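In what follows, a structure is listed as structure tokens, so that the remarks can point back to it.
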Amino acid sequence: MISNKYVDEYINLWKSGKIKLNKERIMLIEYLQKHVLSRDDLYFDDEMIENCIRFGEKWYFPLAAFQKFLIAFVFLFFKKNNRVFYRKHLWMLGRGGGKNGLISVVTHFLTSPLHGIKEYNVSIVANSEEQAKTSFEETYNVIGRSGPLKAMFARTKEKITCKKTGAILKFRTSNGETKDGLRDGAVVFDEIHQFESNKDVRVHISGLGKKPNPREFYIGTDGYVRDGFLDGQKEKAMKVLQGDARVNSLFPFICKLDEENEVDDPDNWEKSNPMLSKPLSEYAQGLFDTIMEEYEDLVDDPSNREEFMTKRMNLPVTDLERSVAKWEEIEATNQPIPSLLNRECIGCLDFASIRDFAACGLVFKYEGKYPFITHSYARKEFVDKFYSYSKKHDAEMAGKKKFAPIRDWEEDGLLTVIDEPTINPKHIVHWFIEKRKYYNIKKIIGDNFRMEILREPLEKAGFEVEVIRNPKAIHSLLAPRVETGFANRLFIFGDNPLMRWYTNNVLVVIKKDGNKEYQKKEPVRRKTDGFQCFVHGLYRIDEISDMNIEESLDILDALNF
């Protein structure tokens, strides 16, 4: 058994009912007691922990119990080789929870003589330079206010250097260019909800290991980017807490509301923001008052609820009057596409603009569910302009690439980029002709806008074509089926991040007459073609059977007329 007084104090605060914890932190304590604190091959470096806490409280601010708890696990080591037990730390708290202040203390301490490792460089990485500089500038200002620290550290607006250890604290943007060969001891990734993938993360951590006891800190609040880096970290955290991953693969400290309705009791707010645990410090009281004002303002301006729940309560919620489905429901479309050979299906397409995107697909019935096979086409000029398809990875282009990773989707076979003045209809026709070899396409459906250029070549190829004269009119008709389908996990898209992106971009507009229309959350970059294509297919889904042709013939052969 191992122990540390700050760890014991935090656990006892919860057990005695003095603080409230959310589900993930309760799981964390149970996991620690079962898998970590019960071991005898580890030790807390109590002296280092005390030094770090004293350093923070002398030069920065009084530390809360949860912050001391977190610091303790930064300095947990294996006895046999004095290596850190946790290399990766995930800290997720509601806005205002002091994560940047704490990381300022920890990173400053790690570069100091008290830590004692020569050239233990630290990089703070974020999507924007402004965010990356948040903790750096706090440390810069702390040094500026102290004579002893001025003597110990040299500072410029670009880097802070410890004169005795040679350790450097720097800030960087997440764009990965020119980052190879770094010799960092630790890397901090700030506001990780903005990271679309782990590509840039890998670049920044590639230099770790050249110094003893490398560490990675991932800090932030939740956000609106789904299927990205943060969702992967949350999934990994749950595996650790459930005992399904290597015990020290991540230290996950996640603070959030457990349920959306908990927001209406301010006593629950400490679940998402541990700074609000009683007794409130002067800072915490001011923070609580600010959050209360924002909460009360929701009565007059409920449109801010999504932002409030995501950023203050660390619990992303979906406004169902604006989104077609909750993100969890969109994620649930990632089900394996079953064997559909020879089955009937409805062909469908959305070809709203021949100058940007087009989508075609096949909708099936299968054991009460609706599998969807689809492919998209995109014009190279358009994806170059709006998603940086061809350009090098620089700071400006990084955000565009992350917004819609066209090249990744192309490599996965989900779309084809066409270098043409307009998307030639022949690509759509050829796709259906190829699919006809494997599936029984009963008819192809599209809206009236572009079917004048597609109807003739499709009919010449032998397809029955139906044109939807007023596509917006079918949205309200199909809305109950769409909502039920997502809620009951009836839609099967396979592992198709492009379709999840299309669907997440859909804006549900409720008209004055109560009818619903599926529009775009943003008119240019947030494409919805694949989703609109799928809706067209659903329009006639009841015209097909839930059997393949061979099965139907076998049944007929077995009947004795």
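The values are calculated or read from the model by the stated rules, or taken from the named source; none is laboratory data. The structure displayed is predicted, hence computed values, not measured ones. Positions of Cβ are backbone-derived with ideal geometry, glycine not excepted, and every protein chain shown enters the neighbour counts.
Here are the numbers:
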{"quantity": "Among the candidates M1, M48, residue that is more than 23 Å from S277 (Cβ to Cβ) and modelled with pLDDT under 95", "calculated": "M1"}
{"quantity": "Set E191, E137: member being closer than 30 Å to E270 by Cβ and surrounded by fewer than 19 Cβ atoms within 10 Å (Cβ to Cβ)", "calculated": "E137"}
{"quantity": "When residues of the stretch 196-221 are limited to those that are among the charged types (D, E, K, R) and in contact with a strand residue (DSSP E or B) (Cβ under 7 Å, 6 or more places away or on another chain), the one modelled with the lowest pLDDT", "calculated": "K211"}
{"quantity": "Complete set of residues in the stretch 206-232 that are touching a Pro at 6+ places or on another chain (Cβ under 8 Å) and either under 22 Å from T333 (Cβ atoms) or of a type in the set (V, I, T) (or both)", "calculated": "D222, G223, Y224, D227"}
{"quantity": "Counted residues, the stretch 97-119 - those being buried (at least 21 other Cβ atoms within 10 Å of the Cβ) and on the phi > 0 side of the Ramachandran plot", "calculated": "1"}
{"quantity": "Candidates A461, A473 - the one that is of a type in the set (A, V, I, L, M, F, W, C) and more than 21 Å from N515 (Cβ to Cβ)", "calculated": "A461"}
{"quantity": "One residue from E466, E456, E434 being assigned to a strand (DSSP E or B), over 33 Å from the mean Cα position of the chain (by Cα), at pLDDT 90 or above and acidic (D, E)", "calculated": "E466"}
{"quantity": "The lone exception for D542 - which of (1) modelled with pLDDT of 90 or more; (2) in contact with a strand residue (DSSP E or B) (Cβ under 9 Å, 6 or more places away or on another chain); (3) over 20 Å from R436 (Cβ atoms); (4) not β-branched (V, I, T) it fails", "calculated": "(2)"}
{"quantity": "Selection count, the stretch 120-130, where residues are crowded, with 18+ Cβ neighbours inside 10 Å and out of contact with any Ser or Thr (no Cβ under 7 Å at 6 or more places or on another chain)", "calculated": "2"}
{"quantity": "All helices (runs of 4 or more DSSP H) inside the stretch 282-394 with 3 or more residues being farther than 29 Å from N22 by Cβ, touching a strand residue (DSSP E or B) at 6+ places or on another chain (Cβ under 9 Å) and modelled with pLDDT of 90 or more", "calculated": "380-387"}
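Results for (1) surrounded by 14 or more Cβ atoms within 10 Å (Cβ to Cβ); (2) touching a residue at least 40 places away in the same chain (Cβ under 8 Å); (3) polar (S, T, N, Q); (4) in contact with a His (Cβ under 7 Å, 6 or more places away or on another chain), shown as yes or no for each residue.
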site: E452; (1), (2), (3), (4): no, no, no, no
site: R455; (1), (2), (3), (4): yes, no, no, no
site: L458; (1), (2), (3), (4): yes, no, no, no
site: E466; (1), (2), (3), (4): yes, yes, no, no
site: K472; (1), (2), (3), (4): yes, yes, no, no
site: L478; (1), (2), (3), (4): yes, yes, no, no
site: F486; (1), (2), (3), (4): yes, yes, no, no
site: R489; (1), (2), (3), (4): yes, yes, no, no
